[in-house]
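A quick write-up on the structure given underneath.
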Amino acid sequence: MRRYSIFAVAREALRYQSGWERAWRAPEPKKRYDVIVVGAGGHGLATAYYLGKVHGIKNVAIIEKGWLGGGNSGRNTTIIRSNYLQDASAAIFEKALQLYEGLSRDLNYNVMFSPRGLLMLAQSEHEVRGYKRTVYANALQDIKTEWIPRERVKELVPIINLDGPRYPVLGALYQERGGTARHDAVNWGYARACDAMGMDIIQQCEVTGIRTENGEVRGVDTTKGSIDCGKLAVVVAGHSGVLANMAGFRLPVESCPLQAWVSEPIKPVIDVVVMANLVHCYISQSDKGELVLGGGIDHPNNYTQRGSWYTLEETTRALVETYPIISRLKMLRQWGGIMDITGDHSPIISKTPVRNMFMDCGWGTGGFKAIPGSGWAMAELVARGEPGPLAAPFGLDRFREGRFIDESVAAGVAH
């Protein structure tokens, strides 16, 4: 892999950009791989990358029914944080944040990580108590967060209306290290690094069946033919239940759309990320000047990559009440992704009833921020056949045993 650098940029400028190589190949699938990863989104690509980098497994195919990064990892709002309440959640999201902090250097690709700070507004006494509890929990988890009063919120977010007509702002949970990254850059950086290790990224290749023998996975049938494998990692977000059904078992997940939208570009008005869970809205500003906006999930369950007018209207109402200055902005574009949500709103990183088949799913609205940590934990599970400390709490057996990791507010409502 040719390294990117300021010298490479200068050299290519002198020869009219004629020397750049393709970031990744477009190979035809081989007959057999040691590991097949289904899903070329951020989680799947990160899984493959850490399989190669950490565990030395490089005979890997990443297959994708559409195009690389065309699912949830290309349809999100790029928020990154680790201030979760439960120990298991905080551990894996903090691992992800730590990896994000060095990811551009690690991949030799600018993922545009921006630790601009993240606020979670408290707009009821119940939220005040809950967020202060999170501060104490994060302190025990060695994650730095703080409770800030409403006056400090106004300093950080001058455009906010602290005395909204429905719910006033009483303060906020603040994580200074939180922020955003560029979703496409994360996908492309991981893809380029995987290709450089000799892995095959196979796009427009839909899985139509999973072949098993004596309870063990043998390979997959695809629109590009049958491919054998030693191990199978399924990382397909909202379509996880579909792939599980192909293998003969059911997952405790539901699929719902989650929509977001961006405004027309304007001059900088907000330089932090702000979430308001009670009224279901959040906001940040992109480097192009667009306000990135969104809220809670849409219902009922479905597989559409769009949202409902009802959710769009309710979230916009909450945004305008909280930030009146944006009321006259025009919406530039809108999109949706397919969320996979478990009963306790925490992910599944687990072995399955089929030997050597592993699932990574159930991230709800928290998938993008978890990409590096999820990939690290899933790669360890696939390589060793048993979960490491990050993945162990998120096994399928917790639903049978009643060991729920309740993150219903953090992962099921907000981002």
**Report entry** Between 0 and 90°, nearest 10: helix 42-55 axis offset from the chain longest Cα axis
**Finding:** 60 degrees
Query raised in the report: Can you work out D for the chain in µm² s⁻¹ from Stokes-Einstein, where Rh is the Kirkwood radius over C-alpha pairs, the temperature is 10 °C and the viscosity is 1.306 mPa s?
Result: 73 µm²/s
Requested in this report: Label segment 2-108 by shape, choosing from rounded, prolate and oblate, from the square roots a ≥ b ≥ c of the eigenvalues of the Cα gyration tensor; if a/c is under 1.5 it is rounded, and otherwise prolate applies when a/b is larger than b/c, oblate when it is not.
Outcome: oblate
**Report entry** Value of [θ]222 nm, deg cm²/dmol, for the chain, DSSP H segments ≥ 4, -39500 (n - 2.57) each, nearest 500
**Finding:** -9500 deg cm²/dmol
Report task. Could you check how much of the accessible area of segment 143-214 is carbon and sulfur, as a whole percent, using a 1.4 Å probe? Result -> 45 percent
Query raised in the report: Assigning unit charges at the beta carbon (Lys, Arg +1; Asp, Glu -1) and nothing else, what dipole magnitude in debye, to the nearest 20, does segment 260-335 show about its Cα centre?
Result: 200 debye
Query raised in the report: Could you give the accessible area per residue of the chain, probe 1.4 Å, as a whole number in Å²?
Result: 43 Å²
**Report entry** P(r), alpha carbons of segment 129-236 - 10 Å bins starting at zero, rounded %
**Finding:** 11, 22, 18, 15, 21, 13, 1
**Report entry** Sequence-distant residues sharing a close amide H with Thr212 (under 5 Å, placed H)
**Finding:** Arg218
Query raised in the report: How far is helix 125-140 tilted off the main Cα axis of the chain, in degrees rounded to 10, range 0 to 90?
Result: 50 degrees
Report summary line: For the chain, longest principal axis from Cα atoms; helix 87-101 axis from its Cα atoms; angle between them, nearest 10 degrees, is 80 degrees
Requested in this report: Report, in cubic angstrom per residue, the convex hull volume of the C-alpha atoms of segment 178-248.
Outcome: 137 Å³
Requested in this report: Taking each pair of different alpha-carbon atoms in segment 367-409 once, compute 1/r for the pair, average those values, and report the inverse of that mean as the Kirkwood hydrodynamic radius in Å to one decimal.
Outcome: 11.4 Å
Query raised in the report: Using all Cα-Cα distances in segment 287-353, what percent lands in each 10 angstrom bin from 0 up to the longest?
Result: 15, 40, 28, 13, 4, 0
Query raised in the report: What is the packing order of peptides 195-203, 179-187, 43-51, 297-305, taking the mean over residues of other C-beta atoms within 10 Å and listing the highest first?
Result: 43-51, 179-187, 195-203, 297-305
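Is the shape of segment 103-175 best called rounded, prolate or oblate, per the rule: a/c under 1.5 gives rounded, else a/b larger than b/c gives prolate, else oblate, with a ≥ b ≥ c the square roots of the Cα gyration tensor eigenvalues?
On the way: a/c = 3.17, a/b = 1.56, b/c = 2.03.
Verdict is oblate for segment 103-175.
Using only the Cα atoms of segment 49-103, build the gyration tensor, take square roots of its eigenvalues as a ≥ b ≥ c, and label the shape rounded, prolate or oblate: rounded if a/c is under 1.5, else prolate if a/b is larger than b/c, else oblate. Provide the component values of the computation, followed by the final result.
Details: a/c = 2.38, a/b = 1.31, b/c = 1.81.
Oblate, because a/c is 1.5 or more while a/b does not exceed b/c.
The values are calculated or read from the model by the stated rules, or taken from the named source; none is laboratory data. Source: prediction; values computed, not measured. Positions of Cβ are generated from backbone atoms using ideal geometry, with glycine treated the same way; all protein chains shown enter the neighbour counts. The protein model used for the area step is the full one, side chains on, heavy atoms only, and it has no ligands, DNA or RNA in it. Shrake-Rupley method; radii C 1.70, N 1.55, O 1.52, S 1.80 Å.
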